[in-house]
Number of protein chains: 2
Amino acid sequence: MRISLLALAASLALSSAAFAADPAATAAALREKALTDPTAWTVVEDLTTTVGPRPVGSPAMTRAKDWAVKTFTDLGFTDIKVEEFSKPSWTRGAESASIVGPYPFKLSIIGLGETVPTPAKGIEAEIVVFKTYAALLAAPVGSLTGKIAVVTQPMVRAQDGAGYGVAGVMRRNGASEAAKRGAVALLIRSISTSDSRLAHTGIMRYAADVPKIPAAALGVPDAELLERLAARGPVRVKLSLASTTSAKTVAWNISGEIKGSAKPEEVIVIGGHLDSWDVGTGAVDDASGIAITTAAAKLIGDLPTHPRRTLRVVMWGSEESGGSSEAYLAAHKDEVPNIVLAGESDFGAGRVYSVMLPQGAAAAPQLKGLADVMTPISVLISRDPARSGGADTEGLQQAGVPVLSLRQDGTRYFDLHHSEDDTLDKVVPAELNQNVAAWAAVLYMIADSDIDFRALKDAK
Amino acid sequence: MRISLLALAASLALSSAAFAADPAATAAALREKALTDPTAWTVVEDLTTTVGPRPVGSPAMTRAKDWAVKTFTDLGFTDIKVEEFSKPSWTRGAESASIVGPYPFKLSIIGLGETVPTPAKGIEAEIVVFKTYAALLAAPVGSLTGKIAVVTQPMVRAQDGAGYGVAGVMRRNGASEAAKRGAVALLIRSISTSDSRLAHTGIMRYAADVPKIPAAALGVPDAELLERLAARGPVRVKLSLASTTSAKTVAWNISGEIKGSAKPEEVIVIGGHLDSWDVGTGAVDDASGIAITTAAAKLIGDLPTHPRRTLRVVMWGSEESGGSSEAYLAAHKDEVPNIVLAGESDFGAGRVYSVMLPQGAAAAPQLKGLADVMTPISVLISRDPARSGGADTEGLQQAGVPVLSLRQDGTRYFDLHHSEDDTLDKVVPAELNQNVAAWAAVLYMIADSDIDFRALKDAK
């Protein structure tokens with residue numbers, strides 16, 4: 001194993017000598033240009049201002065698709081493709097919740113994505129508060145009959161967003177777990193690190209063979225109020241949720257390319273997702289990712305000579321409720337062997353602090369200068385391999401495509417994510433541009449190299 | 001003048017020798033006790049949890065009045081008084097606003113206090129954006145005919161809240177100024193330092209002889225979105241506001257006392273206001289002020305010997321839309337000569353950094369030790385005299401009562417103030433208790449002294 005890796009490294013070192021004298025110098029120049037380039041800000045400003053929120057199945061998503069084609073065109077991308085697919089969609093209606101007793105109080109809530117509606121007259125019931133999701137799971141079957149289950153487990157703030165997965169389980173599975181125990185509805189504390197009343201939505205799923213009960217998230221202060229009131233005595237809450245579903249909605253993955261100069265058939269697939277939740281304007285999730293990857297590729301496209309391989313930016317069309325990853329793989333199954341690498345920017349515009357490459361790539365001689373290129377923008381090359389390239393690259397990854405991940409500071413991301421507060425003003429232009437600089441430098445060196453990430457993986 | 005001041009100071013120095021050996025030592029002990037005392041937190045938690053929002057004229061305000069009497073009783077206050085007065089009230093109804101074109105978008109808004117309603121079907125019109133209030137004022141009469149005026153001037157964040165007055169003018173007077181120019185409605189950017197979608201309400205007034213047009217505040221990101229859209233082309237907005245008014249509502253100022261041990265007829269009037277806006281739970285505005293002053297007086301009341309003078313805590317009943325200050329003066333006109341000093345805590349629970357006393361008092365020998373008592377909690381004694389004791393003490397001040405002001409760090413106050421986000425979780429217990437410590441120490445030394453603040457004023 002060790003011998004073959006060394007042999008491979010030697011052969012890579014030799015072949016890389018045939019490339020541009022110093023790709024690292026070009027990457028460094030791209031980095032500097034990116035730090036003051038207006039493209040990313042223009043893209044995120046334009047998408048959030050002229051299209052607004054753009055859930056799958058909405059008229060806004062159709063406008064977003066047209067915006068994507070125009071944006072790729074205006075920025076000089078070629079081979080622009082609009083790949084249609086279909087998926088079910090869910091559309092929010094009027095929603096409200098109130099404390100009925102001990103005194104009337106309007107709660108701040110938001111229905112979870114794909115929740116069933118309540119009856120038109122709403123559901124009114126006494127609440128049972130669980131301070132952790134584990135406590136709900138520990139409740140016996142039948143113990144919540146006729147009650148509204150309220151889970152108030154807080155989310156942990158963490159730079160890498162690790163608190164999301166831990167708390168997110170109650171959003172995804174909570175309704176069915178509460179229903180198993182007899183509950184008529186579920187309210188959860190928002191999966192949010194904010195102290196805002198504005199609640200946090202996101203996708204949920206129902207288990208088979210369990211009654212489907214309505215589920216919504218409470219603003220963090222509202223969840224804490226219910227905790228305090230329930231500690232004093234019985235609390236009754238009324239919940240009204242309306243929504244409609246469509247079994248088959250049209251969606252699109254839209255892509256544009258910066259064609260490779262030597263090996264155009266070898267493709268690096270990057271991008272962000274064009275769809276957003278229906279609240280806020282999807283600025284950090286994920287107009288920023290769209291803007292970062294588009295601007296990075298555009299800067300590379302502006303070079304006198306394109307790198308050897310093709311860069312393809314994909315604006316995936318259905319990340320929030322799933323579908324675009326599978327659709328992308330289905331449409332590009334035959335191309336998979338030629339997809340060198342895939343990665344997505346989908347964690348807001350917080351600064352990049354680490355680049356995670358496929359197994360073995362950090363030590364590849366073709367990327368020897370990369371660490372020094374990244375140092376001035378405070379980015380390190382991780383020794384750990386990327387585990388995921390992002391939700392929209394999962395299909396490709398499962399089909400064997402190597403992935404990369406530019407890790408971002410998400411300390412504030414979950415203050416905004418999936419809430420009305422996900423708006424343009426939360427994007428810090430200097431941080432956005434630091435992302436563009438990191439992506440441009442990394443992408444250029446990989447695109448202009450002959451690294452076979454699959455071979456590195458095999459070599460291990 | 002100079003001679004008489006010196007003579008006065010000498011006489012004060014002599015008479016103070018007759019008091020407790022070291023009032024500063026007692027004040028320091030109160031300060032230490034206050035830093036860990038649970039009273040203030042208990043009060044703010046209980047009021048916000050069991051009563052909730054409590055606008056004048058609401059059923060909640062009646063519950064708040066009963067809560068106040070019970071709280072004073074439970075904490076050992078005496079001479080508890082409920083002083084009824086009447087005033088007009090205004091009650092919010094359903095409110096909404098949307099961008100109609102270039103595409104539909106639900107705006108986050110809140111009606112300004114005392115706005116007239118729109119017609120039931122709403123008002124739909126093209127907007128005209130002014131980036132400053134001065135720009136609106138510069139618009140010619142007739143130039144806004146049939147339009148919705150939008151003023152997007154931002155509020156400046158400042159420790160002492162100085163940005164509020166500057167930006168607040170557009171809230172108070174903007175509707176009539178827009179109406180003079182022909183506008184059919186006014187939207188302002190929230191008078192807020194937050195970047196939240198949650199909008200900021202507050203009182204407004206109509207000028208005589210000008211048509212009354214509806215007025216609401218936009219969430220800060222919503223105001224910025226309208227700015228950006230208006231820069232691209234015409235924008236149409238639809239606004240619907242409902243509200244009802246009552247010419248005569250019952251309100252109450254409620255008070256309790258810590259009776260003075262030597263001069264009980266000499267009264268120091270302090271407090272906070274019990275009423276709040278109808279959104280949020282009035283935690284920083286002003287359950288915190290109620291809690292701080294009540295807890296400080298309660299700690300003093302717990303001493304083996306009360307200070308010489310009486311401390312009276314007033315929970316004023318109508319600060320937000322005015323009325324309690326005038327009512328308090330009317331009910332206590334005859335007592336004014338005996339009211340030694342008045343002050344209110346009404347700026348949230350941010351830490352106190354400065355004590356402003358009446359003119360000349362900082363140098364009074366009876367308060368000689370006060371500066372050293374305040375140093376450990378990072379509070380200085382200002383050399384400048386207090387200009388105001390707070391909105392609810394204005395009547396007393398105009399009648400000649402000297403005032404004090406404990407200046408607080410309001411850096412974050414206007415992120416929360418008058419919005420749905422004014423909730424208990426925003427109160428930091430350690431900061432709340434630092435306020436109690438500062439008030440308790442200052443109040444004790446003043447109450448146990450014979451300082452005649454009016455004489456100091458006269459001496460100048």
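The values are calculated or read from the model by the stated rules, or taken from the named source; none is laboratory data. Quantities reported herein were computed from a predicted structural model and do not represent experimental measurements. Heads up, the Cβs are rebuilt from the backbone with ideal geometry, glycines too, and the neighbour counts pull from every protein chain shown. Heads up: the accessible areas ignore ligands, DNA and RNA and are worked out on the full protein's heavy atoms, side chains in. Shrake-Rupley method; radii C 1.70, N 1.55, O 1.52, S 1.80 Å.
At a glance:
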read-out: Cross-link partners of residue A:180 among aspartates and glutamates (Cα-Cα below 15 Å; sequence separation of 8 or more within a chain); value: A:209
read-out: Other-copy label distances relative to residue B:96, 7 angstrom Cα-Cβ extension, nm; value: 1.1
read-out: The range A:296-386: relative contact order in percent, alpha carbon pairs under 8 Å with at least 6 residues between; value: 23
read-out: At R0 = 35 Å, FRET efficiency that the Cβ-Cβ distance of residue B:259 and residue B:359 yields, to 0.05; value: 0.80
read-out: Compactness of the range B:31-132 as Cα Rg over 2.2 N^0.38 Å, two decimals; value: 1.68
read-out: Charged-residue dipole, Cβ positions (Lys, Arg, Asp, Glu), chain A about Cα centre, Debye nearest 20; value: 1300
read-out: Where labels lie 7 Å past Cα in the beta-carbon direction, separation of residue B:305 and residue A:66 in nm; value: 8.5
read-out: Cα centroid of the range B:417-440 to Cα centroid of the range A:193-215, whole Å; value: 32
read-out: Accessible-area value, residue A:205, 1.4 Å probe, nucleic acids and ligands omitted, Å²; value: 110
read-out: Burial of 10 Å² or greater, the range A:209-236 residues [accessible area, probe 1.4 Å, versus chain by itself]; value: A:221, A:224, A:225, A:228, A:229, A:232
read-out: Furthest towards positive pole of dipole, A:413, A:423, A:68, structure part chain A, Cβ charges; value: A:413
read-out: Accessible area of residue A:443 in the full protein assembly, 1.4 Å probe (Å², nearest 10); value: 0
read-out: Mean separation of Cα contacts under 8 Å (6+ apart) over length of chain A, as relative contact order %; value: 23
read-out: Two-site FRET efficiency, residue A:120 against residue B:100, from Cβ-Cβ distance with R₀ of 25 Å, rounded to 0.05; value: 0.40
read-out: Sequence ranges B:74-87, A:174-187, ranked by mean other-Cβ count within 10 angstrom, highest first; value: A:174-187, B:74-87
read-out: Mean-position separation - Cα centroids, the range A:136-154 and the range A:247-283, in angstrom; value: 41
read-out: Whole-Å distance, taken between Cα centres, linking the range B:85-111 and the range A:325-354; value: 43
read-out: Order of exposure, largest accessible area first, which applies to B:121, B:65 with probe 1.4 Å; value: B:121, B:65
read-out: Average accessible surface area per residue within the range A:118-277, 1.4 Å rolling probe, Å²; value: 36
read-out: Residues of type aspartates and glutamates that residue B:238 reaches as a straight line, Cα spacing below 19 Å, ignoring anything fewer than 8 places off in the same chain; value: B:95, B:124, B:126, B:222, B:224, B:227
read-out: For chain B, average projected area of the Cα convex hull in nm²; value: 22.2
read-out: Spin-label pair residue B:242/residue A:134, simplified geometry with 7 Å Cα→Cβ offset, distance in nm; value: 4.7
read-out: Accessible-area composition of chain B, carbon plus sulfur, in percent [1.4 Å probe]; value: 56
read-out: Where A meets B: accessible area buried, both sides, 1.4 Å probe, Å²; value: 2400
read-out: When each of A:106/B:248; B:65/B:298; A:106/B:259 is checked by Cα-Cα distance, pairs over 30 Å; value: A:106/B:259
read-out: Members of the range B:102-147 that become less accessible by 20 Å² or more once partner protein chains are added (1.4 angstrom probe, chain alone as reference); value: B:103, B:105
read-out: Whole-Hz ³J(HN,Hα) from phi, Karplus 6.51 cos²θ - 1.76 cosθ + 1.60, for the range A:191-207, glycine and proline x; value: 6, 8, 9, 7, 10, 7, 5, 5, 8, 10, 9, x, 6, 9, 9, 9, 6
read-out: Teacher prompt: residue B:380 distances to equivalent labels in other copies, 7 Å Cα→Cβ, nm; value: 4.2
read-out: Shielded residues, the range A:401-440 - accessible-area loss of 40 Å² or more between chain alone and all protein chains, probe 1.4 Å; value: A:420, A:425
read-out: Rounded to whole Hz, the Karplus (6.51, -1.76, 1.60) HN-Hα couplings of the range A:174-186, x for glycine and proline; value: x, 4, 5, 5, 5, 5, 4, 8, x, 5, 9, 6, 10
read-out: Residue-averaged 222 nm ellipticity for chain A, from DSSP H runs of 4+ at -39500 (n - 2.57), nearest 500; value: -10500 deg cm²/dmol
read-out: Nm distances between copies for residue B:73, ranked from closest, using label points 7 Å along Cα→Cβ; value: 7.6
read-out: Relative contact order %, the range A:229-338, counting alpha carbon pairs below 8 Å whose residues are six or more apart; value: 37
read-out: Dipole of the range A:118-206, positive end: most advanced residue of A:125, A:165, A:141 [Cβ charges, Cα centre]; value: A:141
read-out: DSSP beta bridges in the protein assembly as shown [antiparallel fraction, %, rounded to 5]; value: 55
read-out: Antiparallel bridges, percent of DSSP beta bridges restricted to chain B (to nearest 5); value: 55
read-out: Approximate shape of the range A:95-143 as ellipsoid semi-axes (Cα gyration tensor, √5λ), whole Å, largest first; value: 22, 16, 12
read-out: Which of A:257, B:319 is most accessible, then next, and so on - probe 1.4 Å; value: B:319, A:257
read-out: Convex hull volume per residue for the protein assembly as shown, taking Cα atoms only, in Å³; value: 197
read-out: Estimated vicinal HN-Hα couplings, Hz - the range B:53-62 in sequence order (Karplus 6.51, -1.76, 1.60; Gly, Pro = x); value: x, 8, x, 3, x, 8, x, 5, 5, 5
